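To start, the structure itself, in structure tokens.
The values are calculated or read from the model by the stated rules, or taken from the named source; none is laboratory data. Quantities reported herein were computed from a predicted structural model and do not represent experimental measurements. Note: areas computed on protein heavy atoms with side chains; ligands, DNA, RNA excluded. Shrake-Rupley method; radii C 1.70, N 1.55, O 1.52, S 1.80 Å.
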Amino acid sequence: MADTTLFPPEERDKLTLRLQNAVNGFVDGPRGSVEEVDHVLEEAIARLTDTLAERRRVLRSTWQTTPARTTPEGNTPPAAGMAPGGALATEGAPVAPEPSATDTEQLRLALRDYRETAERLLRL
């Protein structure tokens with residue numbers, strides 16, 4: 001996975017500074033301090049939501065754009081060992097090819113990226 005942060009460092013630093021300033025200003029203006037912290041949290045949640053939605057979109061594009069295998073008639077082939085219509089394949093009947101190594105590798109990488117993203121989210 002190329003990007004390992006959920007917030008770009010400069011954005012994280014900006015929100016952290018705003019949070020610290022709000023907390024430090026509590027004695028002089030408690031209500032304003034709490035309101036500012038509320039705004040910081042709101043922005044952090046919105047940014048996190050946007051970041052995760054974009055990450056999911058990118059992940060989905062890695063495996064959903066993998067072309068589905070189809071028959072010359074444009075149909076999805078039956079499962080391996082099955083003839084069209086769901087019957088068992090007989091001698092000489094065409095059998096659907098196994099997914100290519102490239103398709104499987106793309107799916108393996110997508111699974112790894114999904115798992116890493118979910119694990120990072122669960123560690124928050």
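Worth pointing out:
- Accessible area per residue was computed with a 1.4 Å probe on protein heavy atoms; Thr51 scores about 30 Å².
- For segment 20-66, the share of accessible area belonging to carbon and sulfur comes to 57 percent (1.4 Å probe, ligands and nucleic acids excluded).
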